[in-house]
1. What number of residues in the range 262-300 are open to solvent by 40 Å² or more (accessible area, probe 1.4 Å) and assigned to a strand (DSSP E or B)?
2. Let me confirm something: among L349, L326, which residue is modelled with pLDDT of 85 or more, in a strand (DSSP E or B) and touching a Gly at 6+ places or on another chain (Cβ under 9 Å)?
3. Let me confirm something: among V244, V259, which residue is of a type in the set (V, I, T), under 21 Å from K285 (Cβ atoms) and part of a strand (DSSP E or B)?
4. In the range 125-173, what residues are hydroxyl-bearing (S, T, Y) and within 60 Å of the chain's Cα centre (by Cα)?
5. Looking at E355, is it of a type in the set (D, E), in a loop (DSSP other than H, G, I, E, B) and in contact with a Ser or Thr (Cβ under 9 Å, 6 or more places away or on another chain)?
6. Can you pull out the residues in the range 205-236 that are among the hydrophobic types (A, V, I, L, M, F, W, C), within 15 Å of the chain's Cα centre (by Cα) and at pLDDT 90 or above?
7. Could you give every pair whose Cβ atoms fall below 8 Å, whose first residue belongs to the range 105-125 and is farther than 12 Å from L178 by Cα, and whose second residue is aromatic (F, W, Y) and open to solvent by less than 10 Å² (accessible area, probe 1.4 Å), counting only separations of at least 6 or pairs across chains?
Amino acid sequence: MKRRKIFILTGALILVLAVYLSSRLGEEEQEERPQKEERVYVEVQRVNPDTVQSYVTLTGRVIPKDKIEIFAEVGGIFIDQGKPFKVGYDYNRGEVLVRINAEEAEQRLISSKSAYMNVLAQVVPDLKIDFPEIYEPWRDFLINFDVNRPLQPLPKVQTDRQKLFLTGRNVYSQYYSLKEQEAQLRNYIIRAPFDGTITAALINEGTLVRVGQKLGEYIKTDIYEIEAAISPEELQYLSKGDEVLLQVPNSSATYTGRVSRINASIDSETQTVLVYIQVSHPDLKAGMYLEGKVKGQQFEQAVRLPRDVLVNDRSIYIIRDSTAVLKPAQVLKFSSDEVILGGLENDVLVMKTNENAAFEGTKVTYQLN
């Protein structure tokens with residue numbers, strides 16, 4: 001019995017020892033087996049510093065250089081003038097845009113002119129007696145007076161006494177009252193001040209027009225402007241007459257404009273300066289959105305890279321011995337999609353993947369683009 005216990009204990013010890021030795025051998029084998037190194041795939045760009053031209057970017061909408069709002073100075077019924085007063089219709093300079101029924105005003109003017117003829121008929125005979133030297137010009141003025149024609153200039157007087165005599169007979173006051181009525185009558189017709197297009201029409205034929213009522217809008221379509229806001233720091237690179245290359249976003253269409261005017265003050269809210277670029281092209285329409293650029297500062301020993309290479313806008317990753325290294329960036333200028341950097345050596349590999357600062361020291365596999 002005693003011998004049996006000894007065999008059992010001995011067997012148990014041998015089993016425990018075997019398990020222990022087996023685990024130790026497995027750990028040693030695992031330590032001796034080489035670990036497979038994990039690498040991250042990234043895209044890089046090899047840079048060689050050179051002279052880099054920066055640009056001042058401009059964005060804005062196309063607006064008509066000449067635009068007028070049409071208002072009525074007189075009241076009446078809007079009548080057909082031939083060409084429809086509708087959005088999209090083109091007019092040449094001098095063509096009738098709006099015609100308001102002026103029949104009543106015309107009759108009032110004729111009546112006033114007839115009354116004025118009666119005044120002249122009473123004054124002219126007295127001139128033959130009191131001021132014979134000016135009688136003939138005034139007689140001819142009365143004879144040629146036509147209520148259906150525009151007023152002719154009044155004959156001139158030679159002395160103050162003659163002028164006072166005519167003034168006392170209301171010759172001058174009634175004459176200028178008639179001139180005012182004639183001017184008012186011209187307001188019943190509104191003509192195009194330049195070649196252009198109607199962009200808003202607020203009345204139709206037969207509409208009762210009231211004094212001061214807005215009738216529509218009219219623009220000149222051959223010359224446009226773009227209003228763009230830039231920072232005061234970039235203003236030094238712009239001046240009147242500078243050429244601006246303009247482009248429709250996501251399109252190959254390009255246009256050439258010129259800086260026509262620059263605001264002399266800075267917007268207190270946005271801290272920007274308004275710049276106006278004049279451009280002309282038959283394809284342009286009011287309201288289009290354009291992007292433009294003007295040559296700015298030149299930087300020596302610099303590189304132009306995508307904005308995404310920056311880490312927190314102050315660092316970049318370079319690849320050194322297949323390892324990502326975070327390096328402070330010398331930012332010279334940046335825009336929404338590009339950055340110009342200085343302080344880089346030739347043939348440096350810059351990582352184009354935007355990672356956080358914890359990526360430093362990571363082993364990478366890279367591909368040049």
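The values are calculated or read from the model by the stated rules, or taken from the named source; none is laboratory data. None of the values given here were measured: they were computed from a predicted structure. No Cβ is skipped: glycine too gets one built from the backbone with ideal geometry, and neighbour counts run over all protein chains shown. With ligands, DNA and RNA removed, areas are computed over all heavy atoms of the protein, side chains included. Shrake-Rupley method; radii C 1.70, N 1.55, O 1.52, S 1.80 Å.
1. Of the residues in the range 262-300, 10 are open to solvent by 40 Å² or more (accessible area, probe 1.4 Å) and assigned to a strand (DSSP E or B).
2. Values: L349 fails: touching a Gly at 6+ places or on another chain (Cβ under 9 Å).
Answer to the check: L326.
3. Working: V259 fails: under 21 Å from K285 (Cβ atoms).
Exactly one residue qualifies, and that residue is V244.
4. Narrowing the range 125-173 to residues hydroxyl-bearing (S, T, Y): 135, 159, 167, 172-173.
Those that are hydroxyl-bearing (S, T, Y) and within 60 Å of the chain's Cα centre (by Cα): T167, Y172, S173.
5. Working: of a type in the set (D, E): yes; in a loop (DSSP other than H, G, I, E, B): yes; in contact with a Ser or Thr (Cβ under 9 Å, 6 or more places away or on another chain): yes.
For E355, the condition - of a type in the set (D, E), in a loop (DSSP other than H, G, I, E, B) and in contact with a Ser or Thr (Cβ under 9 Å, 6 or more places away or on another chain) - is met.
6. Within the range 205-236, the first condition is being among the hydrophobic types (A, V, I, L, M, F, W, C), and the residues that meet it are 208-209, 211, 215, 219, 223, 226, 228-230, 235.
After this cut, where a residue has to be within 15 Å of the chain's Cα centre (by Cα) as well, the list is 223, 226, 228-230.
Hits for the range 205-236 are I223, I226, A228, A229.
7. L120/W138; V123/W138; V124/W138
Here is a yes/no grid of residues against (1) in contact (Cβ under 8 Å) with a residue 24 or more places away in the chain; (2) aromatic (F, W, Y):
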{"site": "N263", "(1), (2)": "no, no"}
{"site": "D267", "(1), (2)": "yes, no"}
{"site": "V273", "(1), (2)": "yes, no"}
{"site": "I277", "(1), (2)": "yes, no"}
{"site": "V294", "(1), (2)": "yes, no"}
{"site": "F299", "(1), (2)": "yes, yes"}
